[in-house]
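First the structure, in the form of structure tokens, and then the observations on it.
The values are calculated or read from the model by the stated rules, or taken from the named source; none is laboratory data. Bear in mind the structure is a predicted one, so any value in this text is a computation, not a measurement. Just the protein is used for accessible areas: all its heavy atoms, side chains included, with ligands, DNA and RNA removed. Shrake-Rupley method; radii C 1.70, N 1.55, O 1.52, S 1.80 Å.
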Amino acid sequence: MSQPVVLIILMLVLLSLPLWQTFRHNKRIRQIREMQSQITVGDEVLTGAGMRGVVSGVNDETVEITISEGVITRWEKSAVLRNLTREAAGEAVGNQPQQPLQ
């Protein structure tokens with residue numbers, strides 16, 4: 001092969017990896033946002049800060065999470081990363097093990 005062809009192939013390979021990673025990241029973000037829009041009262045959730053509790057109230061932008069009897073905290077929906085109730089029922093995001101965002 002001539003050097004320009006090898007150079008072009010090398011450039012394509014090196015440029016495709018970041019594009020592929022960006023695509024995967026955006027897909028994961030879309031899945032999380034979809035899950036956040038489907039949160040209902042009674043779901044057990046896990047926030048990005050590691051707080052685990054049961055949803056006791058939901059509105060357009062926030063959720064109220066009961067973390068202990070009589071202790072209710074209010075969170076932005078965007079803080080909820082996992083819906084443990086749906087994962088236990090086999091409805092995990094993409095039916096795959098949860099991967100940390102990188």
Choice from GLY42, GLY90, GLY70 showing the highest fluctuation, given a GNM over the chain with Cα pairs closer than 10 Å: GLY70
1.4 Å probe accessible area per residue over the stretch 1-93, in Å²: 71 Å²
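Calculate for the chain the 222 nm mean residue ellipticity that helices alone would give, adding -39,500 (n - 2.57) per DSSP H run of length 4 or more and normalising by residue count, nearest 500 deg cm²/dmol.
Helix contribution divided over all residues of the chain: -13500 deg cm²/dmol.
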